[in-house]
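Presented below is the structure to which this report refers.
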Amino acid sequence: MLIQVEQLVKDYQLNKNQKGFFHAIKNLLMPEYQKKRAVNGISFSISEGEMVGFIGPNGAGKSTTVKILSGVLKPTSGKVIVNGMDPFRNRKKYVSQIGVVFGQRTQLWWDLPAEDTFDLLKTIYKIPDATFKKNMDMFSEMLDLHEFLHQPVRQLSLGQRMRADIAAAMIHEPAILFFDEPTIGLDIVAKERIREFIRSMNQEKGITMLFTTHDMQDIEKTCERMIVIDRGDIVCDSKVDEIRQFSDSERKLTVKFGRQYDRIELPGAQMIKEAGNTKTFQFRTNEVKIPELIAELMSRYEVLDLTVQETDIESIIKQIYEGGAPAYESVS
Ligand SMILES: Nc1ncnc2c1ncn2[C@@H]1O[C@H](COP(=O)(O)OP(=O)(O)O)[C@@H](O)[C@H]1O
Ligand SMILES: [Mg+2]
């Protein structure tokens, strides 16, 4: 395993000091801290060449995990080994072997042209001239950097800046990439461009990648595997295809009944929502056929209206966040 994470925990210390003069003195003598657990004992491993999407809502612990994996933060407890190294302890040697992008901030010099940052990185990583030129040419071509490399970074659009940041993270040819929300805030076209680039770097160069997002489309379009994190816990780790197959067969049936029924029994379907005489059921097309289900419904009850809807992956993920999709069992 290239990346191994076992029982990883990260607590942040929050200063819970109160305001006011006397409190200020007390705080100085006896500071009080409150713990905030951001990552709650997660475990996973990633093999060489894998491309893994790390998805979760805001505050789930995605950035914290990436910061630990990239050696920026020290874990509270647990084990993290990447390419045989402890990212935090072996930091100096480690950073030359990985590439990191944080979508919410830039590693480029803000007031200087992006090309100046590239020159700096060349020196820091001692990249030979030929390699540097080859990589600059490749990134310029693939990410259209030449349009804006000589402009001060602060003048760039978010999409341009993100492309330059991604190139900067890869200029020293790392075998492992950690991207934290590389598509955040971008429009559809810019997102698509980054997805395509990420995909080709994984497929053509075999770079192992973990990237976080809260956008399911990012994952559907780029990853084979996804890990879902919520409130510091991994709630699902599985192949994207398996979740897609699951969502492909799941349907929702919403029925408006002609009168009040105390109890409704519909073999093969589970009631998941109720609002007066309108009730919603969930069923799977590989367990019960739609015409049979509807025939059964009509023969038992007085029905005014009904609709059948598909479930998309996004709502499966939402169900997972909300305490597990009822019929979905993670296979891996
Ligand atoms: N520096 C920090 N100090 C205190 N709490 C933090 C800090 N950074 C993150 N947190 C908290 O830890 C939790 C996880 O945050 P984060 O890893 O940034 O989540 P995500 O990237 O999934 O949105 C959140 O509740 C957040 O408020
Ligand atoms: Mg984040």
(request) Return the pairs, sorted by first residue and then second, in which the second residue is crowded, with 19+ Cβ neighbours inside 10 Å and part of a loop (DSSP other than H, G, I, E, B), the first residue lies in region 141-154 and is in the same structural domain as Phe197 (by TED's automatic domain parsing), the beta carbons are less than 8 Å apart, and the residues are 6+ apart or on different chains. (result) Phe148/Leu156; Val153/Thr106; Val153/Leu108
(request) List the number of the failed condition for Thr106; all other conditions in (1) under 26 Å from Thr212 (Cα atoms); (2) in contact (Cβ under 8 Å) with a residue 12 or more places away in the chain; (3) open to solvent by 50 Å² or more (accessible area, probe 1.4 Å); (4) assigned to a loop (DSSP other than H, G, I, E, B) hold. (result) (3)
(request) Being over 22 Å from the mean Cα position of the chain (by Cα) and polar (S, T, N, Q) is the filter here, so list the residues in region 77-96 that pass it. (result) Ser77, Asn90, Ser96
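For residues that are in contact with a Gly (Cβ under 7 Å, 6 or more places away or on another chain) and not acidic (Asp, Glu), scanning just region 6-40, find the one that is surrounded by the most Cβ atoms within 10 Å (Cβ to Cβ). Talk me through it step by step, then tell me what you get.
Here is the first cut: in region 6-40, the residues in contact with a Gly (Cβ under 7 Å, 6 or more places away or on another chain) are 6-9, 37-40.
Add one more test, that the residue is not acidic (Asp, Glu), and what stays is 7-9, 37-40.
Numbers: Gln7: 12, Leu8: 23, Val9: 16, Arg37: 15, Ala38: 22, Val39: 27, Asn40: 16.
If we take residues in region 6-40 being in contact with a Gly (Cβ under 7 Å, 6 or more places away or on another chain) and not acidic (Asp, Glu), then Val39 is surrounded by the most Cβ atoms within 10 Å (Cβ to Cβ).
Could we say that Val255 is away from ligand 1 (no atom under 16 Å from the Cβ) and of a type in the set (A, V, I, L, M, F, W, C) here? Outline the logic, then answer.
Values: away from ligand 1 (no atom under 16 Å from the Cβ): yes; of a type in the set (A, V, I, L, M, F, W, C): yes.
The answer is yes for Val255.
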(request) Name the single residue, out of those in region 41-93 being open to solvent by 40 Å² or more (accessible area, probe 1.4 Å), outside any loop (DSSP other than H, G, I, E, B) and within 16 Å of ligand 2 (Cβ to nearest atom), that is farthest from Lys221 (Cα to Cα). (result) Lys67
(request) Among the residues of region 213-259, count how many are open to solvent by less than 70 Å² (accessible area, probe 1.4 Å) and either touching a His at 6+ places or on another chain (Cβ under 6 Å) or part of a strand (DSSP E or B) (or both). (result) 20
(request) Among the numbered conditions (1) exposed (fewer than 15 other Cβ atoms within 10 Å of the Cβ); (2) part of a loop (DSSP other than H, G, I, E, B); (3) touching a strand residue (DSSP E or B) at 6+ places or on another chain (Cβ under 8 Å), tell me where Ile264 comes up short. (result) (1)
(request) Give me the pairs, please: first residue somewhere in region 33-50 and free of Cβ contacts under 8 Å to residues at least 24 places away in the same chain, second residue anywhere and surrounded by fewer than 16 Cβ atoms within 10 Å (Cβ to Cβ), beta-carbon distance under 6 Å, and either six or more positions apart or on two chains. (result) Tyr33/Gln13; Gln34/Leu14; Gln34/Lys16
(request) Only one of these is over 13 Å from the mean Cα position of the chain (by Cα) and touching a residue at least 40 places away in the same chain (Cβ under 8 Å): Arg251, Arg263. Name it. (result) Arg251
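Within region 269-295, restricting attention to residues that are out of contact with any Phe, Trp or Tyr (no Cβ under 8 Å at 6 or more places or on another chain) and open to solvent by 70 Å² or more (accessible area, probe 1.4 Å), which residue is farthest from Phe257 (Cα to Cα)?
At the first step, the residues of region 269-295 found to be out of contact with any Phe, Trp or Tyr (no Cβ under 8 Å at 6 or more places or on another chain) are 273-276, 280-292, 294-295.
Right, trim to open to solvent by 70 Å² or more (accessible area, probe 1.4 Å) and you get 273-274, 286-287, 289, 291-292.
Working: Lys273: 14, Glu274: 11, Asn286: 26, Glu287: 24, Lys289: 21, Pro291: 18, Glu292: 18 Å.
That would be Asn286.
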(message) Quick test of your reading of the structure: Thr123 fulfils all but one of (1) closer than 27 Å to Ile188 by Cβ; (2) open to solvent by 30 Å² or more (accessible area, probe 1.4 Å). Name the failing condition by number.
(response) (1)
(request) Take the residues in region 24-40 that are among the charged types (D, E, K, R) and within 16 Å of ligand 1 (Cβ to nearest atom), then tell me which one is farthest from Asn58 (Cα to Cα). (result) Glu32
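The values are calculated or read from the model by the stated rules, or taken from the named source; none is laboratory data. Remember, predicted model here, so these are calculated numbers, not experimental data. All Cβ positions, glycine included, derive from the backbone under ideal geometry; neighbour counts span all protein chains shown. Surface accessibility is based on the protein's heavy atoms, side chains included, excluding ligands, DNA and RNA. Shrake-Rupley method; radii C 1.70, N 1.55, O 1.52, S 1.80 Å.
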